[in-house]
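The values are calculated or read from the model by the stated rules, or taken from the named source; none is laboratory data. For clarity, every value in this text was computed on a predicted model and none was experimentally measured. When we count neighbours, we look across all protein chains shown, and the Cβ atoms used for this are built from the backbone with ideal geometry, even at glycine.
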């Protein structure tokens, strides 16, 4: 709808971003639920999400060229369809990668160095980055022990990275495999790596909650924000039960967004 300000989001990665399920017979990207979540939280915004997920792609070989293609320098191209008047293609890039690299045996340190170069592309184009940690895989035995250790190292590197405009959401913690009940595992996981459509919706829900929180904080810290705001509801200062606990837990996944946070 014309006239409304846009929030432009790139969801970038491999098969987990593409929503691969049912051995490739179904694709249900998490961006669909993410867009719904953001539209409910910010009804006055025109939410535009673009999914760039390529099954089998690795951070070490493939991510860089694809990310470069998403952020061509404005002086070297004509204005792309969907690009804002400010010349920005996206406001946020949500990046998930590393599963395939770990499976191929690439060292976590090398994957991380490649991720930093990938993140640098949107960051250098005034686009904020929300990096997702690598989720678990339902693999058992000695392979599990090795992959868990390598994945843990990579996720620690991702979570420890600091840069202006760079944020992290711990998907590994928010959507576990082994900590889930058997019934939840069947509901959300399609195989030992990929998710069911319900699982991708769960990811979109969790990532959406994180992004809504970041946007609310960004709005609150804006210099244009007035010092005093009128209370809209008599219970607006109360602490709700849903705000207590671990928001990343499957059974504690409520989010309370006050109207004043969205203004």
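Descriptive notes on the structure:
- Each residue in segment 194-231 was checked for being at pLDDT 85 or above, out of contact with any strand residue (DSSP E or B) (no Cβ under 9 Å at 6 or more places or on another chain) and more than 30 Å from residue 20 (Cβ to Cβ), and 4 of them qualify.
- Among residues of segment 179-209, those that are in a helix (DSSP H, G or I), touching a helix residue (DSSP H, G or I) at 6+ places or on another chain (Cβ under 8 Å) and touching a residue at least 12 places away in the same chain (Cβ under 8 Å), counted: 14
- In the set (1) touching a strand residue (DSSP E or B) at 6+ places or on another chain (Cβ under 7 Å); (2) within 17 Å of residue 91 (Cα to Cα); (3) touching a residue at least 12 places away in the same chain (Cβ under 8 Å), residue 17 fails one condition alone, (2).
- Selection count, segment 36-52, where residues are part of a helix (DSSP H, G or I) and free of Cβ contacts under 8 Å to residues at least 40 places away in the same chain: 2
- Residue 55 closer than 27 Å to residue 186 by Cβ, crowded, with 21+ Cβ neighbours inside 10 Å, in contact (Cβ under 8 Å) with a residue 40 or more places away in the chain and over 16 Å from the mean Cα position of the chain (by Cα): no
- Residue count for segment 120-144 satisfying the condition of being part of a helix (DSSP H, G or I) and crowded, with 21+ Cβ neighbours inside 10 Å: 2.
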